[in-house]
Amino acid sequence: MFFIPYFLKPKKNLVNLLRVLTGVDKKTNIKKLIKSIDVYNEPLQKVFLLASAVYKFDKSLLSKQLAGVISHERFGNAMNMAAFQKICKLYNENGIVPLAQKGLVQKLLYPQSTRPMNDADFAIPKNVYRNAINLATENGFHINHDMLFSADLQLRDQGCVDVHYSLFKGSNPQMDDEMFSRASRLNTMGCDVLIPSPEDIIVIIMCEFYGNFLYEAGSKDTDISEIFDSHPQWVLDTYKIIHDYPELNWSRIMKTAKLSGYDYQIRILTKLLNKIIPNIVPQHAIKIMEHMCPDMVIEHYLKRDKKLVYLHKKNHIYYLRENL
């Protein structure tokens with residue numbers, strides 16, 4: 001029996017907040033929850049979830065600061081969706097249909113929800129990637145960051161999109177091809193976009209979070225204890241898909257993740273998810289995952305990941321001490 005690593009355990013006030021937002025906890029005192037979170041010093045993503053909980057259950061307790069956070073996120077979403085609409089139409093005109101990812105999937109599936117997005121993430125086939133970036137820069141977008149698998153593009157001084165040719169860090173091209181082949185086409189805002197299958201949405205959400213965690217653990221600007229607080233949305237996104245699609249094919253989820261060696265991450269995060277939101281992952285799914293990725297496999301990878309996080313933490317302390 002493997003244990004959830006210490007570096008993936010969220011703070012108690014975040015767990016309480018997530019349980020309130022998913023409806024699991026109907027008894028938590030909202031006033032106490034507000035007092036437990038420092039709206040001035042804790043990550044914006046966590047403060048936004050607090051603001052959402054207060055707005056949902058007792059608007060009279062919504063302070064100017066929390067109301068401002070909601071307005072900020074709504075404005076940012078509007079700008080990012082406008083940028084996505086422009087680039088999606090441009091790509092459609094040139095025979096490219098983007099595949100939505102992460103927050104963009106949630107916004108397209110549940111357009112009435114206020115789901116914070118730093119940018120609108122989507123993927124396109126590798127063979128058209130460079131041409132797609134050139135098309136964007138010729139039509140009002142400029143490059144903020146050009147990375148190994150993706151480019152952050154901004155529409156003038158407005159919204160941002162993140163264009164990927166690999167679905168997430170270290171993903172196998174075969175995985176990408178299979179996800180594209182299973183996606184369904186949606187026409188929205190006057191353009192065509194691909195939505196991953198529910199199983200593939202789970203893989204993208206979980207493996208992207210885990211990958212981001214290991215990546216950010218090496219940042220001298222982010223303390224490890226704050227990383228989960230900065231990415232709490234994966235819990236709500238995953239919960240929503242599992243809740244709305246009770247017939248999920250968990251065998252396919254594991255097979256897809258295994259293509260990139262990330263099946264162990266699915267098992268770790270589903271166990272963590274059941275700790276936060278009891279019994280959301282059904283018992284039959286747990287048995288499938290246990291069979292396809294035994295505990296001994298997880299323990300092997302966890303030893304490696306724990307060493308990585310430990311080294312990143314030491315590196316972070318060194319940078320703080322030396323003021324680098």
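None of the figures in this text is laboratory data; all of them are computed from the coordinates on show. Because the structure is predicted, anything quoted here is derived from the model rather than measured. Every residue, glycine among them, receives a Cβ derived from its backbone with ideal geometry; neighbour counts consider all protein chains shown.
The peptide list 79-86, 21-28, 116-123, put in order of mean Cβ contacts within 10 Å with the highest first, becomes 116-123, 79-86, 21-28.
Take every pair of alpha-carbon atoms less than 8 Å apart whose residues are at least six positions apart; their mean separation over the length of region 158-197 yields a relative contact order of 28 percent. Evaluated on the chain, the Kirkwood hydrodynamic radius is 20.8 Å, with distances taken between all distinct Cα atoms.
Listing GLU290, GLU42 from fewest to most neighbouring C-beta atoms within 10 Å gives GLU290, GLU42. About its Cα centre, the chain has a charge dipole of approximately 1160 debye under the convention of +1 per Lys or Arg Cβ and -1 per Asp or Glu Cβ, with nothing else charged. Within the set of other residues whose C-beta is less than 13 Å from the C-beta of LYS32, count the net charge using Lys and Arg as +1 and Asp and Glu as -1. After counting each charged neighbour, the total is +2. Taken about its Cα centre, region 240-324 carries a charge dipole of about 320 debye when Lys and Arg each add +1 at the Cβ and Asp and Glu each add -1 at the Cβ. Would you mind classifying region 154-303 by shape? Square roots of the alpha carbon gyration tensor eigenvalues, ordered a ≥ b ≥ c; an a/c under 1.5 is rounded, otherwise it is prolate if a/b is larger than b/c and oblate if not. The shape class here is oblate.
Counting only DSSP H runs of at least 4 residues, each contributing -39500 (n - 2.57), and dividing by the residue count of the chain, the helix-based mean residue ellipticity at 222 nm comes to -18500 deg cm²/dmol. Hey, which of these cross-link pairs are over 31 Å Cα-Cα: LYS102/LYS275; LYS56/LYS275; LYS32/LYS255; LYS27/LYS64; LYS107/LYS313; LYS86/LYS169? From LYS102/LYS275; LYS56/LYS275; LYS32/LYS255; LYS27/LYS64; LYS107/LYS313; LYS86/LYS169, over 31 Å: LYS32/LYS255; LYS107/LYS313. Cysteine residues of the chain whose Cβ has no partner cysteine Cβ closer than 4.7 Å: CYS160, CYS207, CYS293.
Using C-alpha pairs under 8 Å with a sequence gap of at least 6, the mean separation divided by the residue count of region 245-324 gives a relative contact order of 30 percent.
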